[in-house]
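What follows is a set of notes on a single structure, which appears directly below.
The values are calculated or read from the model by the stated rules, or taken from the named source; none is laboratory data. Note that the structure is a prediction, hence the values are computed from the model and not measured. Counting neighbours? That spans all protein chains shown, and the Cβs are built from the backbone with ideal geometry, glycine included. The protein model used for the area step is the full one, side chains on, heavy atoms only, and it has no ligands, DNA or RNA in it. Shrake-Rupley method; radii C 1.70, N 1.55, O 1.52, S 1.80 Å.
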Amino acid sequence: MDAAIQRALNDKLYDKRKVGALELERVIREVVAAKDDAKVEAILDQLCNDYAYAVHQPHARNGGLIGLAAAAIALGSELPRYLEVIVPPVLACFTDQDARVRYYACEAMYNIAKVAKGEILIYFNHIFDALCKLGADSELSVKNGAELLDRLIKDIVSESAATYVSVLEQPPPYQEDDKDVLDDAAELPTAFSLKKFIPLLRDRIYAINPFTRTFLVGWIILLDSIPDLELVTFLPEFLGGLLRFLSDPNRDVHVATQGCLDKFLNEIKRIARIKKGIAESKRSKGEGKRKREDSVESGSVRPPLEEGDEVDSGTAADDEELDSEDDWVPGQDVQINHKAVLEILTATLDSPLGKPPFADSHQKTANLTSASEEDGLLESLRWIVEFLDICPEEVLPFTPKILAHLLPAMASGVESIRQAAARVNTSLMDYVVSLSDDAELATVPHQLSRMHGDRQDGTTSTRASLSSSRELEVRSPTPATGKPLPRTPTAGTSANQPQADLDYAAAVNSLTLLFLNDHEATRVAALTWLIMLHRKAPRKVLAFNDGTFPALLKTLSDPAEAVVTKDLQLLSQISRNSEDDYFTNFMVNLLQLFSTDRKLLETRGNLIIRQLCTSLSAERIYRTLADCIEKEEDVEFASIMVQNLNNNLITAPELAELRKRLRNLETKDGQTFFVALFRSWCYNAVATFSLCLLAQAYEQAYNLLQIFAELEMTVNILIQIDKLVQLLESPVFTYLRLQLLEPEKYPHLYKCLYGLLMLLPQSSAFAALKNRLNSVSSIGYLHIAPRPNATTPSVPSFDRPNRLKGREEGIIRWGELLEKFRTVQERARRLQRIGADTDDSPFGVGDLRIGGGDGTGDMKQAAGREGGTSGHSRTAGGGGGGGRDSPAGGANATPSKPEPPPKSRTGLGRQLGRFGVAGRGKRNP
């Protein structure tokens, strides 16, 4: 360069540098016109080395930048050959410490790009990286200059990125035919390469600066809008960073990112619809072609050739029409990696938003951080719901991981998160359930047929559970019998295409771990999933049940009743579809759990027993528990458990059919059931007595009372008798009260009730029973009074012919049962006396079951003054076992006033002495 131009470019004033640049532009134009390439290269080399790369001379660098821009303008169409010399020094100036140098670098690059146009795309990655940094520059002028350059580059990319090929890549003038030239041109690389750009975008997508994020989102939207680039195919490379952008506190970043994600999701849905439509079109065309071929073959027997020719020409026309319809549709060749996208979405689900909001006021900052991540989690949930509609078979392998993070989100403290998680949960469950018609039934039938000979009942229940897989209601599953079997043709239709299968092992493990979650909604949802999976494929779930079963038993101690109900539903479902050994093992483990966790037995024992009786066979449960209790070594626990089972047997509405069956001992099944219960009920004297009353074995009950006289009457026994008296007033024993009207038919019933009256101290229960007996005593007097006293030996003739004596030839051996009762009670008394040596007030049965402290205290007071007439105590608790059948005389009865001196007995009262009533108190009206 001339010395004058050199001085001008090195001047500190911009105007003088501009004059020097204009002069330089004129010189270079002349040199280019003279085609002196060596002189051009020398000038450019001088501008780069002496000016643009002069790091510590800002004025020289500014001059070099404006000189390079002027040279680019002067070169014009020759610029592509020299871009590799001009562009690098300008890029180097983007990182200069001086803000003015950075600004002039933007200005110079703007002028260079404006001349180079599509050629500048060769350096797109470098320019993009520089602009990404300059967009967050602290100097406003630099940011403005970078914004202008960014707009220009975007215009060039929009116009030329998809198709522009650099002139440097063009082949020499062709001397061959046009076909070869076209083939060569088709293989030439474009100046802009999306594959080379994606790694840079992947690195920059994790930027934190809001200006940089806005810059990146703008470019992503632009590149996605260019049809031929198909940026959506590279979506997994930067989707994770985009989801992070949603948590940016800058509102502009959030809005732009949300719009960008919406566009990508809509594009994925559009591509899925196109591919689905094309597949359906090909399928329908193939079916139509086969039909035409069949029709042609069937009509080929027609002799006229003209008609045959018409058929041939018609089919040819149809084939041409089919070929013409196979036009290319934008998006049909785009391949989207759904699996990689789902991996990113499921990773985003692992968020602190699945936890409730912090209760501590000192952690408000953490609350704000979680709130800022809400949109990212919501967007991930929205995408998963859409993917379940677009490609559910791709979502299925991620089900265990999704469940592990999704179900905790259902208990989130954010309402929108809970609703979104519930939608995903519903959609995912619906899809998994729908697999029972396709993938599951395609493999299950041959397993069922193979095992049919071994266990026919098991296969029936298994197939029935499959058919009930769509029943996701809260109610308990109904027995398998009576349900229609699934239709197998669906398996044949799905065999043509591969079906995805669920990883049951991973799913069960993920759901089991959620039993430890702190939130009730999460635990209920996990159990609901396990119930559904077991209904759909019981054998697959049971195959991994070794670790699940203890967790299910432990969950029975859950504080939430809804969780316990679901847990019992699942345990019942598993037991119903399993072998008898599994059911017995379940009952044994349940008793062990009750034995070690007495609080569970006290608070949830009734609920657990009733739920199991609702879901399974109540008689099967009672038989199995009775067999286990009979072998129980812990006499105290056996007595407590028998009392619980007996209270439920008497009061639970769910066991009405069982009570009805017990009242009918004429059948062999009824007798065996009674004997099984009696042998285990012997651990609790009052429960055994009430069992006999329930079975209308009144003579046996009276014989038990005779043994009661040999036992030590403890406060616990008296409390249980008090409870039984209250239950006698409930609707369950209506038949017994009506039988009091037939004393000649049920003489031992009177003896049983008067025997109870003699065992009770003066209490409210004593008064209630005495009032009941007094109300029917005149009927007993009318039947008995005319008879002489010598008829005592004929009392057994009052008994019904087939009620007790007639059954001695059957299964029930009444004498053996009485001896069993006496033996068990003596053993219990011995152990109780041994325990009394170490503890003066051992834990008794009544202490667990009686609900009110006042009632127990009254009974103890009444027991202490059994021989006196100081007054009545209040009743000992109400409602036996928590059932709906409650005694008529409630626990709220107030103590009565002291009785006045006894009056002389009437004639009717004297006759009551024949029944063993020795009451001297005042008769209640």
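The helices (runs of 4 or more DSSP H) located wholly in the range 1-98 include none with 2 or more residues which are touching a strand residue (DSSP E or B) at 6+ places or on another chain (Cβ under 8 Å). All conditions but one from (1) farther than 24 Å from THR95 by Cα; (2) crowded, with 17+ Cβ neighbours inside 10 Å apply to ALA34; the one that does not is (2). One residue alone among THR688, THR714 is modelled with pLDDT of 90 or more and either surrounded by fewer than 17 Cβ atoms within 10 Å (Cβ to Cβ) or among the polar types (S, T, N, Q) (or both), and that residue is THR688. Only a single criterion out of (1) open to solvent by 10 Å² or more (accessible area, probe 1.4 Å); (2) in contact with a helix residue (DSSP H, G or I) (Cβ under 7 Å, 6 or more places away or on another chain); (3) under 22 Å from LEU513 (Cβ atoms); (4) in a helix (DSSP H, G or I) is not satisfied by ASP558, namely (4).
Out of the residues in the range 706-728 that are closer than 17 Å to ALA687 by Cβ and in a loop (DSSP other than H, G, I, E, B), which is farthest from the chain's Cα centre (by Cα)? This residue is LEU711. Per the conditions (1) more than 58 Å from the chain's Cα centre (by Cα); (2) open to solvent by 10 Å² or more (accessible area, probe 1.4 Å), the sole criterion not satisfied by VAL101 is (2).
Every residue in the range 121-133 that is open to solvent by less than 10 Å² (accessible area, probe 1.4 Å) and of a type in the set (Lys, Arg), please. Across the range 121-133, there are no qualifying residues.
Would it be correct to say that GLU699 is open to solvent by 40 Å² or more (accessible area, probe 1.4 Å) and modelled with pLDDT of 90 or more? In short, yes.
Restrict the check to the range 657-674 and report whether at least one residue is more than 49 Å from the chain's Cα centre (by Cα) and free of Cβ contacts under 8 Å to residues at least 24 places away in the same chain. No; the residues of the range 657-674 include none that is more than 49 Å from the chain's Cα centre (by Cα) and free of Cβ contacts under 8 Å to residues at least 24 places away in the same chain. Which residues, counting only those in the range 243-262, are surrounded by 15 or more Cβ atoms within 10 Å (Cβ to Cβ) and assigned to a helix (DSSP H, G or I)? Matches in the range 243-262: LEU243, ARG244, PHE245, VAL253, HIS254, ALA256, THR257, GLN258, CYS260, LEU261. For the structure I just gave you, tell me whether LEU570 is closer than 25 Å to ARG659 by Cβ, in contact with a helix residue (DSSP H, G or I) (Cβ under 9 Å, 6 or more places away or on another chain) and either part of a helix (DSSP H, G or I) or open to solvent by 40 Å² or more (accessible area, probe 1.4 Å) (or both). Judged against the criteria, LEU570 is not a match. Taken over the range 575-592, the criterion of being more than 14 Å from ILE621 (Cβ to Cβ), of a type outside the set (Asp, Glu) and touching a residue at least 24 places away in the same chain (Cβ under 8 Å) is satisfied by ASN577, SER578. For the range 660-699, the set of residues classified as among the hydrophobic types (A, V, I, L, M, F, W, C) and part of a loop (DSSP other than H, G, I, E, B) consists of LEU665, CYS682, ALA695, ALA697, listed by residue number.
Taking the criterion of being more than 36 Å from the chain's Cα centre (by Cα) and not in a loop (DSSP other than H, G, I, E, B), the only residue of the range 225-242 that qualifies is SER225. Considering ALA54, ALA34, the condition of being of a type in the set (A, V, I, L, M) and under 27 Å from PHE124 (Cα atoms) is satisfied by ALA54 alone. Criterion applied to PRO761, PRO731, PRO747, PRO743 was being modelled with pLDDT of 50 or more and within 55 Å of the chain's Cα centre (by Cα), and the one residue passing it is PRO731. Filtering the range 134-157 to residues that are under 22 Å from THR190 (Cβ atoms), in contact (Cβ under 8 Å) with a residue 40 or more places away in the chain and open to solvent by 60 Å² or more (accessible area, probe 1.4 Å) leaves nothing. Checked against the criterion of being more than 26 Å from the chain's Cα centre (by Cα), among the basic types (Lys, Arg) and modelled with pLDDT of 85 or more, the candidates ARG610, ARG604, ARG598, ARG535 yield just one match: ARG598.
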